[in-house]
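Note sheet for the following structure.
The values are calculated or read from the model by the stated rules, or taken from the named source; none is laboratory data. This is a predicted model, so every value here is computed, not measured. Positions of Cβ are backbone-derived with ideal geometry, glycine not excepted, and every protein chain shown enters the neighbour counts. With ligands, DNA and RNA removed, areas are computed over all heavy atoms of the protein, side chains included. Shrake-Rupley method; radii C 1.70, N 1.55, O 1.52, S 1.80 Å.
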Amino acid sequence: MNEHTSSTPQYNNAKLWQIGLFSLNNAATNLAMFLMMQYAYFTQNVLGLAAVVVGAIATATRIFDGVTDPIIGYFVDKTDGKFGRFRPFMLIGNLIIIGCILAIFHTPLSLSTTGRYIYTTTLYFLYIIGYTCQTICTKAGQAVLTNNPKQRPIFSGFDGTLTQLASMLVPLLITTILANAYSVGEFAPDRGLINPALWRTAARIICGISFVFTLLAIVGISQKDRPEYYQSLQGTHIRFRDYLDIISHNRPIQMLITSAAADKLGQLLMTGVTTYLFANLLLDVTLQGVFSSVVVVPLIALSIGGVFIARRLGLKKTFLIGSWGSLIALAIMFILRPDPNTPWIFLGVYLVQKCIAGMGNAAVIPMIADCTDYETYRSGRFVPSMMGTMFSFVDKIISSASTLIVGIALSSAGVGNTVITPNQPVNERFNLAILICFCIIPIVGHIISLTAMHFYRLGRTEMEGIQAELAKRREKKVDTAEIPAEME
């Protein structure tokens, strides 16, 4: 470890390539997530399952996802094996993810309707376990990768860029490249997006990329996934009941959880109805892939620019800029309404919303690392996995309603049990239901998020002070019993 001085701490710095490669771990799980966000569309329009039932199942699995987080997080922080703390969970988690995704999107069509419900639901639950194992390592691993307040925004830049690329790749692959390929010649009777072969091909491609990304991320963290980094601040025995003390007394994680969960619910709803927005409101499903391609350059540019903003203003202010900008753009989109005759007016505002929101969202994971360091400052515990999974637990419980809300919205529009044909209008109730999911609920989420951030006190200056104090304690080997109970 680096030596520290009492006045200016020498941080545990990471090389640029380590930060870049490790950020691929989140990209690997995001690829899987973006594909699984089409789970409701696939099960309704390809497998013939009811939207509201699928929504209820997806809600139950997401609650299960949240419940498994604290349990797995506890075991990650207790792990100290030959291959480190994080790498085994990254690899095993990804193998479970890709195995389940391949099986879901290869659901045998010979199964009965009941059999399809049981088959896909069982695999969805198993997928959640793998997803939890791997995503825990993203939130916890970057706490040991670097503790430099000026380096953590760099992770945001890589992560934001890769997230935008993943969000572009999946719809481009499905709605443009494969949809066109599976709508001509011998595939024409199956009409593109409702062709089972399309989804099987998409699953194989995305799972292959996800696996390669995971292997590269393992390389990125390998030099830091050692006891001298994740045990250097640990002065107390980790107990499962520590969760209660942390959530009761760590105000920053309380506010970050509230803020991010409210935003996440809105983001998931937007993702869940995006295909319907393009296919049935703008009446051109291929626009989704085109739009994703167009938006990727400004998204990446703003993700990189966000690094400089965060390094100058801090992660909190960057997050606030993203939330306010997204809120305003969503309100404009609801007023404009999508018009198939002039689609790029609506999509132009949508582009601005995605760019600004992406910049703010990229700050969340490094903010969890800040909350982790604050917990060490407050109590002496260094428990990055427990902090990350506690964040995920509440985040997932609250956002678990997203698929159910989409199912209810479709049912209220009278199309919950029917195949919705791409590039065809449905009805006005359907249009309004999609816009409520796409604009109004995310706006409410931003309002809750901005309110919570008012009470989040870990700005750039505060984090520099915390790191300086932690450096003094390492140098002087202060006993955890002497650590003050709370920062003023």
Practice task
Considering each of Ala32, Ala40 in turn, give the residue that is open to solvent by 10 Å² or more (accessible area, probe 1.4 Å) and either in a helix (DSSP H, G or I) or hydroxyl-bearing (Ser, Thr, Tyr) (or both).
Solution key: Ala40
Exercise for the section: Could you grab me the full set of residues in the stretch 78-110 that are modelled with pLDDT of 80 or more, within 26 Å of Arg226 (Cβ to Cβ) and not aliphatic (A, V, I, L, M)? Expected result: Phe83, Gly84, Arg85, Phe86, Arg87, Pro88, Phe89, Gly93, Asn94
Handout entry: Matching residues, the stretch 289-344, being surrounded by 15 or more Cβ atoms within 10 Å (Cβ to Cβ) and hydroxyl-bearing (Ser, Thr, Tyr)
Key = Ser292, Ser303, Thr318, Ser323, Ser326
Fill in the blank from the handout: Taking the stretch 350-390 and keeping residues charged (D, E, K, R) and either open to solvent by less than 20 Å² (accessible area, probe 1.4 Å) or more than 24 Å from Leu330 (Cα to Cα) (or both) leaves Asp370, Asp373, Glu375, Arg378, Arg381
Fill in the blank from the handout: How many residues of the stretch 216-239 are buried (at least 16 other Cβ atoms within 10 Å of the Cβ) and at pLDDT 80 or above? The answer is 8
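Matching residues to (1) free of Cβ contacts under 8 Å to residues at least 60 places away in the same chain; (2) more than 27 Å from Thr43 (Cβ to Cβ):
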site	(1), (2)
Ile356	yes, yes
Ala369	no, yes
Met386	no, yes
Ser411	no, no
Exercise for the section: Please give the helices (runs of 4 or more DSSP H) falling wholly within the stretch 204-313 in which 1 or more residues are touching a residue at least 40 places away in the same chain (Cβ under 8 Å) and closer than 30 Å to Thr176 by Cβ. Expected result: 251-276, 286-313
Fill in the blank from the handout: Among residues of the stretch 266-288 being small (Gly, Ala, Ser) and open to solvent by less than 10 Å² (accessible area, probe 1.4 Å), the residue farthest from Ala363 (Cα to Cα) is Ala279
Problem - Positions within the stretch 73-93 being of a type in the set (Val, Ile, Thr) and surrounded by fewer than 20 Cβ atoms within 10 Å (Cβ to Cβ), in sequence order - result: Thr79, Ile92
Practice task
Determine whether Ser326 is assigned to a helix (DSSP H, G or I), under 25 Å from Thr403 (Cα atoms) and at pLDDT 90 or above.
Solution key: yes
Exercise for the section: Residue by residue through the stretch 14-48, note down the ones that are under 15 Å from Gln223 (Cβ atoms) and out of contact with any Ser or Thr (no Cβ under 6 Å at 6 or more places or on another chain). Expected result: Lys15, Leu16, Trp17, Gln18, Ile19, Gly20, Leu21, Phe22
Exercise for the section: Inspect all residues belonging to the stretch 48-59 and state whether any of them is assigned to a helix (DSSP H, G or I), within 20 Å of Gln267 (Cβ to Cβ) and among the polar types (S, T, N, Q). Expected result: yes
Exercise for the section: Please determine, by comparing only the residues of the stretch 391-414 that are modelled with pLDDT of 80 or more and either surrounded by fewer than 24 Cβ atoms within 10 Å (Cβ to Cβ) or charged (D, E, K, R) (or both), which one is nearest to Gly73 (Cα to Cα). Expected result: Ile405
Practice task
Assess whether Asn427 counts as being open to solvent by 10 Å² or more (accessible area, probe 1.4 Å), more than 21 Å from the chain's Cα centre (by Cα), free of Cβ contacts under 8 Å to residues at least 40 places away in the same chain and closer than 18 Å to Thr275 by Cα.
Solution key: yes
Fill in the blank from the handout: Scanning the stretch 60-93 residue by residue, those among the acidic types (Asp, Glu) and either in contact with a strand residue (DSSP E or B) (Cβ under 8 Å, 6 or more places away or on another chain) or closer than 25 Å to Leu265 by Cα (or both) turn out to be Asp65, Asp69
Fill in the blank from the handout: Checked Asp242, Asp263 against criteria (charged (D, E, K, R), under 16 Å from the mean Cα position of the chain (by Cα), open to solvent by less than 40 Å² (accessible area, probe 1.4 Å) and modelled with pLDDT of 80 or more); the one match is Asp263
Practice task
Report yes if Val352 is at pLDDT below 90 and touching a helix residue (DSSP H, G or I) at 6+ places or on another chain (Cβ under 9 Å), otherwise no.
Solution key: no
Practice task
Go over the candidates Ile101, Ile96 one by one and state the one that is open to solvent by 30 Å² or more (accessible area, probe 1.4 Å), out of contact with any strand residue (DSSP E or B) (no Cβ under 9 Å at 6 or more places or on another chain) and under 25 Å from Leu216 (Cβ atoms).
Solution key: Ile96
Exercise for the section: Taking only the stretch 354-408 into account, find how many residues are among the acidic types (Asp, Glu), in contact with a Gly (Cβ under 9 Å, 6 or more places away or on another chain) and closer than 18 Å to Arg311 by Cα. Expected result: 0
Fill in the blank from the handout: The one condition Pro108 fails out of (1) under 21 Å from Ile205 (Cα atoms); (2) free of Cβ contacts under 8 Å to residues at least 60 places away in the same chain; (3) in a helix (DSSP H, G or I); (4) not polar (S, T, N, Q) is (3)
Exercise for the section: Scan the stretch 134-154 and give yes if some residue there is open to solvent by less than 60 Å² (accessible area, probe 1.4 Å), in a helix (DSSP H, G or I) and at pLDDT 90 or above, otherwise no. Expected result: yes
